[in-house]
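Right, one structure below, let's go through it.
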Amino acid sequence: MASAKYAVFLGCIVDTPVMGQLRVRTNGALGVDRSTGRIIGVAEQTELSSAELVSSWVGQIVHSEAIESISLTADQFLMPGLIDTHTHAPQFAFLGIGHDLPLMDWLNKYTFKHESEFKDADLARRFYKDVIARIVRNGVTFAAYYGTIHLESNRVLAQTIRQIGQRAYVGKVCMDANSPAYYSESTEDSLRDTEEFIRQVIGDDETQQRLVTPIVTPRFVPTCSHECLEGLGALAEKYQLPIQSHLCENPSEIEFAKSCFPDSPSYAHIYHKYGLLNSRTIMAHCVHLSDSEIALMRESKASVSHCPNSNFSLGSGIADIRRFIDEGIPVGLGTDVGGGYTPSILDAMRMAAAANRALIAFRRDSGGDQPARSSKDKPLEAAEALFLATQGGARVMGMDEQLGSLDTNKLFDAIVVDMNAPNSPVPSVDATPAVRDADSPDEAWRLRLEQFVFLADDRNISRVYVGGKLIHSV
Ligand code: GUN
Ligand code: FE
């Protein structure tokens, strides 16, 4: 049956195609064509059989032998896969360490040393398998990864992801300036290896359904020369690739970046000048953007990866994502492992909510020149956090028409959540009077999803699908 051409999921279907709007289809049915990995139709409260549904969706008679029906329990629901718009695969090697340090000290004391060890591609072979499996277990179907500066280890990372079946952007980190001697590269090597990596990753999978795409990755302005940034901008243009980097994370970093390019009006303008700030760009952090940088981000159609765990854990500050969203800048969530200490996007959702609440409280209490901005100072709701982790993340990755919600013709990247999994940190409905006695099923689901966002963890992620394929189950 697992090889049946079609799968039909029967049960509760949850997604949030629009920021703030939770869509719950109880008694839903969702069909997938496994050969294309796409959703062929979604129905609600239907009396039709799976075969009748699939036949109506594909426009021809399909017999039940060609269909696997998958019934969810009353405690389970199907939702879009979680999207991590910013993480560093090698940094799992020192997870949870150094969170008393600010960014630049943390980089110098732990990050560069651990990353430099990936000069040994055998380490990458041993290490990355467990890293990717762990991320997938957390329900992440699509992630934007930083590797290291090393060509071979990055290829291992890309191959490992492809073998496990996750969707990903993978970047060869570039750093040819102001970097320790044991972990730096010449400008020439940086650009040559980046292009070679791009060719390898594209060449390793030339099918239409490619899961892993290279992403142009200047580490950040302080570790990249003019020539390096210029060359990377040209490569991004030549291959029309996505771009990722760090921007305005920490005050010392910002000073450092500006000192490297004293003629630039701002940190963000440096990336812009070299063709690295456009609609395919994901900028992590953006905690301390100036007004003119926010305007430049908006005009350039660049996106923000909001990494609240990292921003708390390295004391970087709080990004005002409500403002970015109001100004039309796409925002998604990032774990930023190991600046953040967990690969959980559920954690990123609640950290985003906490960051937003802290910012509002700070504005309220600091008075004077920081007045509460009433309508804009609205706490981040669970449904909004869920949007950032799914459809919002898809937009940041430039794939919002293909992913992010459970709609017909989209790719089926999805997870089955079990709120009653063994050892679940979410209490049962019976033990939650507010849910059990809710006035309506809609209200009960709204509250249940708040519990999912604030309480659930990888134990509640029982199945993970990417492009219609089951890549993890418990
Ligand atoms: N800025 C430059 N490199 C890094 C990194 O590895 N992590 C974080 N959080 N910020 C950075
Ligand atoms: Fe980062």
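The values are calculated or read from the model by the stated rules, or taken from the named source; none is laboratory data. The structure displayed is predicted, hence computed values, not measured ones. Note: ideal-geometry Cβ built from the backbone for every residue, glycine included; neighbour counts use all protein chains shown. Only protein heavy atoms, including side chains, enter the accessible area calculation; ligands, DNA and RNA are left aside. Shrake-Rupley method; radii C 1.70, N 1.55, O 1.52, S 1.80 Å.
Residues of region 304-340 that are β-branched (Val, Ile, Thr) and away from ligand 1 (no atom under 12 Å from the Cβ): Val304, Ile318, Ile321, Ile325, Ile329, Val331. Among the residues of region 216-234, those identified as closer than 13 Å to Leu277 by Cα and of a type outside the set (Ser, Thr, Tyr) are Val216, Pro218, Phe220, Val221, Leu229, Glu230, Leu232, Gly233, Ala234. Does Arg34 count as open to solvent by 60 Å² or more (accessible area, probe 1.4 Å), basic (Lys, Arg) and either under 30 Å from His306 (Cα atoms) or more than 26 Å from the chain's Cα centre (by Cα) (or both)? Taking the combined requirement at face value, the residue does not satisfy it. Restricting to region 226-264, name every residue that is open to solvent by 20 Å² or more (accessible area, probe 1.4 Å), of a type in the set (Asp, Glu) and in a helix (DSSP H, G or I). Answer for region 226-264, where residues must be open to solvent by 20 Å² or more (accessible area, probe 1.4 Å), of a type in the set (Asp, Glu) and in a helix (DSSP H, G or I): Glu227, Glu230, Glu237, Glu255.
Across region 14-56, the number of residues qualifying as under 15 Å from Ser69 (Cα atoms) and of a type outside the set (Ser, Thr, Tyr) comes to 19. The set of residues in region 194-225 being more than 16 Å from ligand 2 (Cβ to nearest atom), touching a residue at least 40 places away in the same chain (Cβ under 8 Å) and not in a helix (DSSP H, G or I) consists of Asp205, Gln209, Leu211, Val212, Thr213, Pro214, Ser225.
Region 53-96 holds strands (runs of 3 or more DSSP E) entirely within its bounds, and those carrying 1 or more residues that are within 16 Å of ligand 2 (Cβ to nearest atom) and closer than 19 Å to Ser405 by Cα map to 82-88. Restricted to strands (runs of 3 or more DSSP E) entirely inside region 274-379, those with at least 1 residues that are under 14 Å from Cys248 (Cα atoms) and touching a residue at least 60 places away in the same chain (Cβ under 8 Å) are 281-285, 303-306. Flag not set for Thr432, criterion: hydroxyl-bearing (Ser, Thr, Tyr) and not assigned by TED's automatic domain parsing to the domain that holds Ala444.
A search for C-beta distances below 7 Å between a residue of region 53-71 that is within 13 Å of Val32 (Cα to Cα) and any residue that is at pLDDT 95 or above and open to solvent by 70 Å² or more (accessible area, probe 1.4 Å), counting only pairs 6+ apart in sequence or on different chains, returns Ser55/Ile61; Ala66/Lys5. Pairing each residue of region 72-92 that is within 22 Å of Pro425 (Cβ to Cβ) with any residue that is within 16 Å of ligand 1 (Cβ to nearest atom) and assigned to a helix (DSSP H, G or I), provided the two are 6+ apart or on different chains, yields C-beta distances under 9 Å for Leu82/Ala348; Asp84/Ala348.
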